[in-house]
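Chemist: Pasting a structure below so you can have a look.
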């Protein structure tokens, strides 16, 4: 008997060879097949008259064949079959290429549905290679599936129909209890699966999709709530006093209202019954580090150690230096640095200090995840640029203490809907104010023909004592038209900027060399820093006022915004110059967005629209399962309903252990199994 867990090869008509083709689409079981949803539909129920067709637009024509097709041999192996059909308002010529089977089915005087594009003139319309069905059986909405070579949409359609018929009563098993379906006006699982693949009409399709979207989002939210619930142990590092005012007295500036609110959120969490689990999200330059420093200060003054993890050595080193300077003003707080490139003797000294508690704050990279790192009393874990780390990496570091507080930070603006999905296991604080004195960054997009003028603009600012970044895509020359950082730096040093000091920074350099270049740039011994995107995060030079990006069309919106955020960090007016000759409409639109706004959240929305949620983070380290039918851009209403339902269900039955929730619990497990190590396991 066929079940949802049955291998796809056991569906009638599939077999081992075709099963291998289905595997390419990620379809291994019958259940996988039924959740391989159509990417679009052809509506054969909407009939267009020949006299009303719009040229080059797909449509369905209901017409009578005036004669059987005639064969025309073009050359060996290639035959054309032609015939004429009329719908009463006109006559069109139908051409079939090498399709003897379809041609043989056409009978003179019979009515057919022709789905395709009409070309030719108004008087002599033509349709080439249309899909053809008998008029009495073909008028329906037909699914179009994502494909791989060797499988047609029509074959997948036929296989789905066979599977649905074979499963029969098993389709009545429903993960959503009847009362939940009634509360949210949802159809049964059987109805949803039958009508998502073979909708009776547009209303049935909408009803089916709404049910499946809700179920997928509900399953995701329940999984995230369960993940969040795992962190809801007793607060082992509970703070009893508020040290925020003491911390603020150390600062040479006053925190913004948004910073103060975020810090208060964190302190309230750390004084609560359960450990803090919070995401601190803010645009470039919004002052997340100051909030993190405040939270770390409070934890350390409360008697606990803090670990801060950054994705790159440059960023870790910057945090180490800035926090060391700040905490030196308040004696007794020792800060350590731990990165992969440090000498063993240096590492051993830091490891010893962390282990015996003399180092109260350790800043580092992935090196902090090593088994050799042991804490005396870890009470707070902070991760920066959170999208670079997975849920599992967070958990490894947190596991080095007894349920420590967790603060994760992201300078990559994320649309709030997506943030709620990705960080559903965290509470969210958003920094939506820039500190006073931050000057707006003017952005210009220019062609390569204006590059010399841009050089002049750079020289003007260098002569005033300011500094500039020039960002390229590559490190070495290759078989590409992109500018190589090394070759370009040499060209600039010998050419237009021969009177200035240039530095070069890229990812292939040794950590010590990178650190030296950055130190030289920070201390203004280097006027121009030619770099790859290694400067995207973690470089803070207030005297740098120009960001020039070569081949700007090759970068995504989020990356362009991050690069632009390296300037405008001091008191001087700053500019970003995007150099590109791209004529591609999407690329031109990206550059226009950059010129029109500096709001990172607006840019993130545009980025999400262009790339979609599946590719928003590229390396998919965020731990979000791939959604098969829900659309995070459009399905905001079902998302809100699913979140409401998930919270209610979780309060009633946190482990989903009741018989009514058995199938829903399995759905949660199945969904998160797709993410591998970043899932719930």
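Chemist: By how many nm would the segment from residue 67 to residue 325 lengthen if fully extended, with 0.36 nm per residue of separation less the alpha-carbon distance?
Modeler: 83.9 nm
Chemist: Taking 0.36 nm per residue of sequence separation and subtracting the Cα-Cα distance, how much length would be gained by fully extending the chain between residue 589 and residue 515, in nm to one decimal?
Modeler: Length gained between residue 589 and residue 515: 23.0 nm.
Chemist: Sticking with the crude label model, points 7 Å out along Cα→Cβ, report the distance from residue 147 to residue 253 in nm, one decimal please.
Modeler: 5.7 nm
Chemist: Based only on other Cβ atoms within 10 Å, what is the fewest-to-most ordering of 36, 330, 405? Walk me through the intermediate numbers first.
Modeler: Values: 36 21, 330 14, 405 31.
Ranked by crowding around the Cβ, least crowded first: 330, 36, 405.
Chemist: Let me ask another. To the nearest 10 degrees, how steep is helix 662-673 against the longest Cα principal axis of the chain, on a 0 to 90 scale?
Modeler: 70 degrees
Chemist: Here's a follow-up. What is the helix-to-structure angle for 202-230, meaning the angle in degrees between its Cα long axis and the longest Cα principal axis of the chain, kept from 0 to 90 and rounded to the nearest 10?
Modeler: 30 degrees
Chemist: Shifting gears a bit: Would the stretch 484-554 count as rounded, prolate or oblate if I go by the C-alpha gyration tensor, calling it rounded below 1.5 in a/c and otherwise prolate when a/b exceeds b/c, oblate otherwise?
Modeler: Rounded, since a/c falls under 1.5.
Chemist: Counting only DSSP beta bridges with both residues in the stretch 46-139, what percent are antiparallel, rounded to the nearest 5?
Modeler: Rounded to the nearest five, the antiparallel share is 90 percent.
Chemist: When the Kirkwood hydrodynamic radius is evaluated over all pairs of different C-alpha atoms of the stretch 441-600, what value in angstrom, to one decimal, is obtained?
Modeler: Roughly 15.7 Å, rounded to one decimal.
Chemist: Tell me, 459, 349, 76 in order of fewest to most beta-carbon neighbours within 10 Å?
Modeler: 76, 349, 459
Chemist: Would you please put 357-370, 295-308, 196-209 in order of how densely packed they are, using the mean number of other Cβ atoms within 10 angstrom per residue and starting with the highest?
Modeler: Per-residue mean Cβ counts within 10 Å order the peptides as 295-308, 357-370, 196-209.
Chemist: Any idea how far apart residue 91 and residue 12 come out in nm if each label point goes 7 Å out from Cα toward Cβ?
Modeler: Between residue 91 and residue 12, the simple spin-label model gives 4.4 nm.
Chemist: Let me ask something else. For the pair residue 490 and residue 78, what calculated FRET efficiency results from E = 1/(1 + (r/R0)^6), where r is the Cβ-Cβ distance and R0 = 45 Å, to the nearest 0.05?
Modeler: Here the calculated transfer efficiency is 0.20.
Chemist: How much FRET efficiency would the formula 1/(1 + (r/R0)^6) give for residue 117 and residue 166, where r is the Cβ-Cβ distance and R0 is 41 Å, rounded to 0.05?
Modeler: Step by step, r from the Cβ atoms, then E = 0.70.
Chemist: A further question follows. Quantify how much of the Cα-Cα distance distribution of the chain extends past 42 Å, in percent.
Modeler: 43 percent
Chemist: Moving on to the next point. If you take every DSSP beta bridge fully contained in the chain, what fraction is antiparallel? Give it as a percent rounded to 5.
Modeler: 40 percent
Chemist: On a 0 to 90° scale, report how tilted helix 511-522 is relative to the longest principal axis of the chain, with both axes built from alpha carbons and the result rounded to the nearest 10.
Modeler: 70 degrees
Chemist: What residues of the stretch 19-62 lie in the reach of a label at residue 139, counting those whose backbone N is under 16 Å from a point 7 Å from the Cα along Cα→Cβ?
Modeler: 43-50, 60-62
Chemist: Ranked highest first by the average count of other Cβ atoms within 10 Å around their residues, in what order do 54-63, 259-268 fall?
Modeler: Result, highest mean Cβ count within 10 Å first: 259-268, 54-63.
Chemist: Return 546, 671 ranked ascending by Cβ neighbour count within 10 Å, so the fewest neighbours appear first.
Modeler: Neighbour counts put them in this order, fewest first: 671, 546.
Chemist: Give the calculated FRET efficiency between residue 203 and residue 427 to the nearest 0.05, with a Förster radius of 35 Å applied to their Cβ-Cβ distance. Display every interim value, and only then the final one.
Modeler: Working: r = 39 Å, r/R0 = 1.12.
The computed FRET efficiency comes out at 0.35.
Chemist: Sticking with this one: Using the basic label-point model (7 angstrom from Cα toward the beta carbon), what is the residue 19 to residue 179 distance in nanometres?
Modeler: With each label point 7 Å from Cα toward Cβ, the separation is 4.2 nm.
Chemist: How big is Rg to Rh over the stretch 244-431, alpha-carbon atoms, Rh as the Kirkwood inverse-mean-distance radius?
Modeler: 0.93
Chemist: What shape does the stretch 219-291 take by its C-alpha gyration tensor, where a ≥ b ≥ c are the square roots of the eigenvalues and a/c under 1.5 counts as rounded, a/b above b/c as prolate, and the rest as oblate?
Modeler: Working: a/c = 3.83, a/b = 1.52, b/c = 2.51.
Oblate, since a/c reaches 1.5 and b/c is not below a/b.
Chemist: Test of understanding: what is the full-extension gain from residue 501 to residue 525, defined as 0.36 nm times their sequence separation minus their Cα-Cα distance?
Modeler: So the extension gain works out to 7.9 nm.
Chemist: Sorted by average packing, counted as other Cβ atoms within 10 angstrom per residue and highest first, what order do 210-218, 6-14 take? Working shown, then result.
Modeler: Values: 210-218: 23.6, 6-14: 16.9.
The most tightly packed comes first, giving 210-218, 6-14.
No lab work stands behind these numbers, since they all come straight from the coordinates. Please read these numbers as outputs of a predicted model, since none were measured by experiment. Using ideal geometry, Cβ is built from the backbone for each residue, glycine included, and neighbour counts are taken over all protein chains shown.
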